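Student: First, the structure itself, so that you have it in front of you.
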Amino acid sequence: MGVTISNLNTGKVIVKGVGLSNLHEPDAVLDAGNSGTTLRLMLGLLASIPGRFFAVTGDASLRSRPMSRVVVPLQQMGATIWGRRGDSLAPLAVRGQSLRGAATARPLPLPR
């Protein structure tokens, strides 16, 4: 996507970003492996990059886990996301665009 990652085997990884608006559409499907957190965070990031198209997936376990708790709020904010079983299962396709703010349907719990 244009980001440079180096020194993977040294214990000190160096990431050189390009800025959100300069991320490229990847040539391949982005694979989150078995990381639901990675997939959920990537959906929010990718959905907010106007004019770009992305496809994200994971391993068999991740592809069976519903992502609607992230997809639905993003769609309410104007995101365009398609997927299996009512847009809730990976692989998911994302067309990035400017998003608008949205209120949560229920109050978030306060930290203890």
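The values are calculated or read from the model by the stated rules, or taken from the named source; none is laboratory data. Values in this document were obtained by computation on a predicted structure and should not be read as measured data. Backbone-built Cβ (ideal geometry, glycine too); neighbour counts: all protein chains shown.
Student: What residue, among those in the stretch 77-103 that are under 28 Å from residue 17 (Cβ atoms), at pLDDT below 95 and among the polar types (S, T, N, Q), is surrounded by the fewest Cβ atoms within 10 Å (Cβ to Cβ)?
Tutor: Only one residue fits best here, namely 98.
Student: Tell me whether the stretch 71-94 contains one or more residues that are part of a loop (DSSP other than H, G, I, E, B) and basic (Lys, Arg).
Tutor: First, the residues of the stretch 71-94 that are part of a loop (DSSP other than H, G, I, E, B): 77-79, 88.
Next, from what is left, pick out any that are basic (Lys, Arg): none.
No - not one qualifying residue is present in the stretch 71-94.
Student: Among the residues of the stretch 27-46, write down those that are among the hydrophobic types (A, V, I, L, M, F, W, C), assigned to a helix (DSSP H, G or I) and out of contact with any Phe, Trp or Tyr (no Cβ under 6 Å at 6 or more places or on another chain).
Tutor: If the condition is that a residue be among the hydrophobic types (A, V, I, L, M, F, W, C), assigned to a helix (DSSP H, G or I) and out of contact with any Phe, Trp or Tyr (no Cβ under 6 Å at 6 or more places or on another chain), then 39, 41, 42, 43, 45 are the ones that fit.
Student: Sticking with this one: Go through the residues of the stretch 56-63 one by one and say whether even a single one is over 15 Å from residue 1 (Cβ atoms), charged (D, E, K, R) and not in a helix (DSSP H, G or I).
Tutor: Yes, because at least one residue in the stretch 56-63 is over 15 Å from residue 1 (Cβ atoms), charged (D, E, K, R) and not in a helix (DSSP H, G or I).
Student: Here is a further query. Every residue in the stretch 1-26 that is in a loop (DSSP other than H, G, I, E, B) and either within 26 Å of residue 88 (Cβ to Cβ) or touching a Cys at 6+ places or on another chain (Cβ under 7 Å) (or both), please.
Tutor: 1, 23, 25, 26, listed by residue number.
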